[in-house]
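The values are calculated or read from the model by the stated rules, or taken from the named source; none is laboratory data. Just so it is clear, the model here is predicted, and its values are computed rather than measured. Neighbour counts run over all protein chains shown; Cβ positions are idealised from the backbone, glycine included.
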Amino acid sequence: MPTKKQATRTSPAAPSKRAKSATVKVAAKLVRYSKGEHIIVAPLHHPKPQIALEELGKARKSPSDSDLFDGQTAGAAANAHLAYFGGPLLTNVAVVTIFWGKKWGTPSGVTTVNNLNAFFTAILPSPLIDQLHEYSVPGKVIGHGSLVGSKVITVNAPVVSVTDTTIRAQLKAWIASKKVPKPTPNTLYFIYLDPGIVSIMGGSKSCSSYCGYHNNISGVYYAVMPYPNCSGCLGGLTAFNALTGTSSHELCEAITDPVPGRGWYDSNNGEIGDICAWTFKTVAGYTVQKEWSNQQNACV
Amino acid sequence: MCQRRVVVSIVAALLSLSSAACHVTSEPSPLLRGTWAEVLTVPGASYIITLDQSGVQLTGSGTYTIEAGRQGTLQVVGTYSPPTVALTISSDAGDRRTFVGTLIGGDQLRGAFDGSSSLVTFARR
């Protein structure tokens, strides 16, 4: 990983040797992504989802539930600063939502699908994306995005848990069979899992280690969003607001750092969303996470 | 006189053996004392505990950060019966996890949470 000294901002157009070296180190460390699938999938010990899909469907009818939030917020780390490591950026992100599971096809599931798609339709051309403009670099200007596709897929749906390796293989198969739009350099596939499905990434699991993650397969960018069914991923929010909050976290990270550690990254504090984790605001009527601003030196 | 010497020698030997036996069964060294971080593959996540050891008893505290999720504090109680380490870790969110593993080389704890077959590793910081 880059050292603290290396985390200082580098020239976007010509990353320093230090930054390049740091990038290689980051990349070397991240090799574990693809190697980490030695996990044996164990019977699920997690409780059943605490929130039913029906509740998700009603969520948008409820007034803002930000007052219900009782999770601890992350104070922005002192000396946080994102440095650019020369990698790709999603300049006009083209989101494709994939709802993988049998429950997404039920009436209540469809309501949630529509609500999440409405969220992306509203948020991609919103001030949330405008604020990422400061991370533009020569030749890569970050602007508004759009929702370009959505698909509910029930075939081969996970039953108990699903590994990142399986998701990657499935995504490639969906692309090859044209079930989902072909990727462009700006495409970001958001894969939502059924309630109760545990996501496994290397030695880490959803809920205990993450509420979502983003990654890439040789230039194909994707985010995995397990259904929030635990206190660590709800923190007092409704499931729908938790989903939009964590989705916005992964969205902004994927735009500014689509290949983790090779875009805008802080060696000590992580990506743009990590620095401000679990601090929220409302944009276009939706709960979204605050993101780190180098210019303002704050979570905004 | 000679018989007395023999008896004294035997008693001394027994005392020595007894002492050695006591040494073998004495409390384990505080090898677990210190800060341990779970090795995680997802950037943005961390799980760090600091342990104190008194004999076989372990206590401690820590912090966690869930990627795209909340962060908070941890409380730890447990035991160390070489080489087995058993920890019960409670989070401020009300979750409780049980880690059972072994100490490897003094700087790694390898085991599993909640009886899972997925191995996790804590590395000494």
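Considering the conditions (1) within 11 Å of chain B (Cβ to nearest Cβ); (2) over 29 Å from A:ASN114 (Cβ atoms), A:GLY263 is excluded by exactly one of them, (1).
Taking every residue in region A:273-289 that is at the interface with another protein chain (Cβ under 10 Å from one of its Cβ atoms) and among the small types (Gly, Ala, Ser) and pairing it with any residue that is in a loop (DSSP other than H, G, I, E, B) and surrounded by fewer than 23 Cβ atoms within 10 Å (Cβ to Cβ), at least 6 positions away or on another chain, the pairs with Cβ-Cβ distances below 9 Å are A:ALA277/A:THR73; A:ALA277/A:ALA74. Applying the criterion of being of a type in the set (Lys, Arg) and surrounded by 13 or more Cβ atoms within 10 Å (Cβ to Cβ) to the residues of region B:104-125, the residue that is nearest to A:GLY202 (Cα to Cα) is B:ARG110. Of everything in region A:212-242 that is in contact with a His (Cβ under 8 Å, 6 or more places away or on another chain) and of a type outside the set (A, V, I, L, M), the residue that is nearest to B:ASP92 (Cα to Cα) is A:CYS230. Does B:PRO43 count as at pLDDT below 90, more than 30 Å from A:SER247 (Cα to Cα) and part of a loop (DSSP other than H, G, I, E, B)? No. Taking the condition of being touching a Phe, Trp or Tyr at 6+ places or on another chain (Cβ under 8 Å) and either facing another protein chain (nearest Cβ under 7 Å) or on the phi > 0 side of the Ramachandran plot (or both), how many residues in region B:115-125 meet it? Of the residues in region B:115-125, 1 are touching a Phe, Trp or Tyr at 6+ places or on another chain (Cβ under 8 Å) and either facing another protein chain (nearest Cβ under 7 Å) or on the phi > 0 side of the Ramachandran plot (or both). Applying the criterion of being farther than 20 Å from A:LYS205 by Cβ and touching a Phe, Trp or Tyr at 6+ places or on another chain (Cβ under 9 Å) to the residues of region B:74-103, the residue that is surrounded by the fewest Cβ atoms within 10 Å (Cβ to Cβ) is B:ALA86. Is there a residue in region B:96-111 that is out of contact with any Pro (no Cβ under 9 Å at 6 or more places or on another chain), among the β-branched types (Val, Ile, Thr) and without any contact (Cβ under 8 Å) to a residue 60 or more places away in the chain? Yes: one or more hits. Pairs linking a residue in region A:232-251 that is within 24 Å of B:THR63 (Cα to Cα) and at the interface with another protein chain (Cβ under 8 Å from one of its Cβ atoms) to a residue that is among the β-branched types (Val, Ile, Thr) and assigned to a helix (DSSP H, G or I), with Cβ atoms under 7 Å and 6 or more positions apart or on different chains, are A:CYS233/A:THR246. Would it be correct to say that A:GLY232 is small (Gly, Ala, Ser) and not in a helix (DSSP H, G or I)? No: the conditions fail for A:GLY232.
Residues are listed down the side, and each one gets a yes or a no for (1) of a type in the set (A, V, I, L, M); (2) crowded, with 16+ Cβ neighbours inside 10 Å:
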position: A:HIS133; (1), (2): no, no
position: A:SER146; (1), (2): no, no
position: A:ALA157; (1), (2): yes, yes
position: A:GLN170; (1), (2): no, yes
position: A:TRP174; (1), (2): no, yes
position: A:SER177; (1), (2): no, no
position: A:ILE191; (1), (2): yes, yes
position: A:GLY196; (1), (2): no, yes
